[in-house]
1. What's the number of the condition Ser46 fails, among (1) under 20 Å from Ala322 (Cα atoms); (2) at pLDDT below 95?
2. Considering (1) surrounded by 17 or more Cβ atoms within 10 Å (Cβ to Cβ); (2) over 20 Å from the mean Cα position of the chain (by Cα); (3) not assigned by the TED database to the domain that holds Pro172, say which one Val335 fails and leave the rest.
3. Output the residues belonging to region 338-354 that are assigned to a helix (DSSP H, G or I) and either surrounded by fewer than 23 Cβ atoms within 10 Å (Cβ to Cβ) or of a type in the set (Phe, Trp, Tyr) (or both).
4. Tell me whether region 407-416 contains one or more residues that are surrounded by fewer than 23 Cβ atoms within 10 Å (Cβ to Cβ) and touching a Leu at 6+ places or on another chain (Cβ under 8 Å).
5. Quick check on my filter: what residues within region 208-222 are in contact with a Ser or Thr (Cβ under 9 Å, 6 or more places away or on another chain) and not β-branched (Val, Ile, Thr)?
6. If you check every pair at least six apart or on different chains, which have Cβ atoms under 6 Å apart with a residue in region 191-211 that is in contact (Cβ under 8 Å) with a residue 60 or more places away in the chain first and a residue that is among the small types (Gly, Ala, Ser) and part of a loop (DSSP other than H, G, I, E, B) second?
7. So if I check each of Gly150, Gly179, Gly90, Gly133, which one is under 30 Å from Gly271 (Cα atoms) and out of contact with any Leu (no Cβ under 8 Å at 6 or more places or on another chain)?
8. Restricting to region 227-266, give me the number of residues that are buried (at least 24 other Cβ atoms within 10 Å of the Cβ) and among the acidic types (Asp, Glu).
Amino acid sequence: MNTNPILNRRNFLVAGAGAAGGFLLASCAGGSAESGPDEITGAGWSDGLNDLVFGQIKTDFEAASGLTVTPQASVPFDDYQTRFRTLIAGGSPPDLMRLNDDFLREMSDKESILDIEPYLSESGVDTSDYFEGVLDFTALPNGRAGLAIGALPRVIYYNKTLFEEKGVPLPPTSWTSDGWTWEDFLETARALTEGDTWGACVVTDTAYENTWAVNNGGEGIFSADGRSFALAEPEGVEALQWAADLALVHEVAPPWAEVSGDDSEQQLFVGGRCAMLFSSMSVSSYFNENVTEFEWDIAPVPGNVNQFSESSMALMVIPTAAANPDGAWEFLKYVTGPEGGQAIAQNRVGVPLSRTAAEALEPGGAGPANIHLFTEAAKNNRSVHSTTATAAAVAIYRPALERALIGEITVEEALTGAREQVEAALA
């Protein structure tokens, strides 16, 4: 899931599409985008990763393979969701496309994207070098639905200067819960909260629901079989109430109204008004460019029963109606291989699928000193279990959860009240 506030534009898009009876349209029979055997067409939304894949990596691949990659002009994220649906429905999609990770299961179940397991099995690629949790994300009941070319793990960003000024011990620099439990995190937030500066901001990202529930010993948002609303189990309820109470009870986190707008929590952090922020690797470039008044770094997610984190997955898939699936696989194999993976790491746009390539993700210049924690987070990834109706489920329970975040009802009332309807959608 993406690093956006709970009911932002993306989630309204998700919710609306799900409620309307299915965000993703089944692939249409018929022709595909015209391309010759030596040409591979592609598409994605505008961001640094897309620029790299269809820029430097594309150029290197063309030189090495003799094939030509022709991407469509990239568009903003929200616009791409409409373009993706239109291209799939029209039966002439590009050969290789990025896909919003929230909708992989739905696309796979509709057989709109290829099962690439035969390609992967016959390629001789050593998948033991891949991060297991990242590789497994695309292994679904209908087969392997593309590959995650990289992960964007979530960590705790923190204002190192403020820690030092207040004499607060710094968080750990390795993936450990020693001295970094939920209770330690709360006490640290208390020590950093003063005036208009909040100690922590956790309830900002869709992934906090899954991460906090899993780390409290639960299954996450959904059960492993995708049929049950696991977040409404005691472990999930307790975890999300704990997170909500950072603002409602302990007053160490900003109220929901202050962080419910797009990127509001990032602006609080950049402005020095939020000492610790749970967010994705994708915001680090924004902090590099905009944090000028203090030194910042990253720390692990605090541990409780477990200490996992959730990564957004940068997915690339081959549509069933692709004109050149063989060429698309060759490019995808290159992007996830040593050369492509190293470029992703060196440009710091994600943690590549390959563990070996991830070693190129090193400190130096801009970025956090503890940049290795992004790789550690990828190793400790726990994704949301896939379902056939994620969009519809989100549309049902999120509005109730928002009421709990402002203290109008409890988290238990919000989640148990939505459970029957959510599970009907998942059935």
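The values are calculated or read from the model by the stated rules, or taken from the named source; none is laboratory data. If you're wondering where the values come from, they're calculated on a predicted model, not measured in any experiment. In this analysis, Cβ positions are derived from the backbone assuming ideal geometry, glycine residues included, and neighbour counts consider all displayed protein chains.
1. Exception for Ser46: condition (1).
2. Every listed condition holds for Val335 apart from (2).
3. Pro338, Glu339, Gln342, Ala343, Gln346
4. The answer is yes, given that some residue of region 407-416 is surrounded by fewer than 23 Cβ atoms within 10 Å (Cβ to Cβ) and touching a Leu at 6+ places or on another chain (Cβ under 8 Å).
5. Selection gives Asn210, Asn215, Glu219, Gly220, Phe222.
6. That search, which allows pairs on different chains as well, returns Leu192/Gly199; Leu192/Ala275; Thr193/Gly199; Trp198/Ala253; Gly199/Ala275; Ala200/Ala253; Cys201/Ala253; Asn210/Gly220.
7. Just a single option satisfies the conditions, and that option is Gly179.
8. Adding up the residues that qualify gives 1.
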